[in-house]
Amino acid sequence: MNSYRIPVLDLKKQDRPARPAILRAIRRVLDRQEYVQSAATERFERAFGRWLGVREVVGVNSGTAALYLALKAMGVGQGDEVITTPFSFTATLEAIVHAGARPVLVDIDPATFCISPAGVDRALTRRTKVILPVHLYGHPADMDRLGAMARKGKVQILEDAAQAHGATWNGRKAGTFGRAAAFSFYPSKNLGAYGDAGAVVTDDPDLAERLRKLRNHGRTARYAHDLVGYNERLDGVQAAVLLAKLPFLNRWVRQRRSQAHRYDLALKNLRMILPKVHTKARHAYHLYVIRVRNRDSVAAALRSHGIDSAVHYPVPLHLQPCFKKLGYRRGDFPESELAAQSVLSLPLYPGLPKSHQARVVQVLSKLSESQNL
Ligand SMILES: Cc1ncc(COP(=O)(O)O)c(C=O)c1O
């Protein structure tokens, strides 16, 4: 066993250039004792809105809360259907179930791992209230076709942009297409806090107003509550960390792209499928995900050479025990099921040493030569 490890992600390395600004920002929150409902939260909301190009940003305490509160604010409830993909993190589906609606699952396009627009077209019914595409791994879903369908069917779009900070479709940022979008700032995300954090973004001020109430106990003023809300606020320390990191985000996404490009070139002749990028898309490479035949043995071989990898995600959501009640079965979403067996996320993050990347390529090349791929 190798004692020298190459991790999938090293936040200490990534955050090194931002560290002094982060520490100053945290100290400012502590000095002002503004832990909840902090000025830092408002400042981050304005800054993130400018960066993304949206009018309203409502900071909340996770990407999961962002999805769930957005669905509630968009009027989703019992009797409604929300169309989404089974190939995502569990939070996407959880949010729909918690909102009281029925999730209608549609298989992915195997080229991009995002929801198949043709499948969405077939799944639309009179009860469809929202289409919820996930920009998985940082590759945007086909927002032209989904947008056209939503307009025609008079349904809303909520984008799950948890993994897509910096991705674009037709030159426009992911998270600016739907009626609203949910971002996660979980520490490992392209823009990550030092704990849980998230935001709903929208151009609709009324929707934003409802979200501001929902995240804060339905509050209109101190001890005045308009509706039964939640405690899902974005706290001051996390907002300060995000505000300090935001100026680095574009540079970090560029670094992710150049590392992905390096993998693309070095791995292109090996026995694996590399990430494909739609001609209208710019990938944000939250994750660099290859597809290999003997995935688990490839991961084990990498590990024996000191290289970590990860699987996002080994079980499609329709096969998770917690979603059994939805009534789906193995075989219902063959592309998602195949992807779950073959995907492998390689080390990629801003600050990844070139020598680490070269070592990953070297070991994969050796495995390929010995036909172990
Ligand atoms: C696609 C997707 N949706 C939703 C979430 C939920 O975000 P959070 O972990 O901030 O609640 C995540 C993050 O883990 C995610 O990857």
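Rule-based calculations on the coordinates, nothing more; no lab input. None of these values were measured; they are calculated from a predicted model. Positions of Cβ are backbone-derived with ideal geometry, glycine not excepted, and every protein chain shown enters the neighbour counts.
Close amide H contacts of Ile6 (hydrogens built in the peptide plane, cut-off under 5 Å, sequence separation of 5 or more or a different chain): Ile307, Asp308. The dipole here belongs to region 199-262: it is taken about the Cα centre, uses +1 on the Cβ of Lys and Arg and -1 on the Cβ of Asp and Glu, and is about 540 debye. Placing +1 on each Lys and Arg Cβ and -1 on each Asp and Glu Cβ, with no other charges, gives region 135-181 a dipole about its Cα centre of roughly 260 debye. Shape of the chain from the C-alpha gyration tensor: oblate (a/c of 1.5 or more and a/b not above b/c, with a ≥ b ≥ c the square roots of its eigenvalues). Short-range pairs are left out: with C-alpha atoms under 8 Å and at least six residues apart, the relative contact order of the chain is 23 percent.
Between the exposed loop cleavage positions of the chain, defined as chymotrypsin sites (Phe, Trp or Tyr not before Pro) in a non-H, G, I, E, B DSSP state with at most 15 neighbouring beta-carbon atoms within 10 angstrom, the longest gap is 36-222.
Positive end of the dipole of region 37-120 (Cβ unit charges, origin at the Cα centre): among Thr41, Val76, Ala99, the Cα lying farthest that way belongs to Thr41.
Build a GNM of the chain with springs between Cα atoms under 10 Å apart, and of Gly59, Gly198, Gly100 the one that fluctuates most is Gly100. Helix content alone sets the calculated 222 nm mean residue ellipticity of the chain: runs of n ≥ 4 DSSP H residues at -39500 (n - 2.57) each, divided across all residues, give -12000 deg cm²/dmol. Applying the criteria of a DSSP loop state and at most 12 other Cβ atoms within 10 Å to the GluC sites (Glu not before Pro) of region 286-373 yields no site.
Placing unit charges on each Cβ (+1 for Lys and Arg, -1 for Asp and Glu) gives the chain a dipole about its Cα centre, and among Val361, Leu302, Gly53 the Cα reaching farthest toward its positive end belongs to Val361.
Once the trypsin sites (Lys or Arg not before Pro) in DSSP loops with at most 16 neighbouring Cβ atoms within 10 Å are cut out of the chain, the longest remaining piece is 56-125.
This model, with +1 at the C-beta of Lys and Arg and -1 at the C-beta of Asp and Glu, gives the chain a dipole about its Cα centre of some 800 debye.
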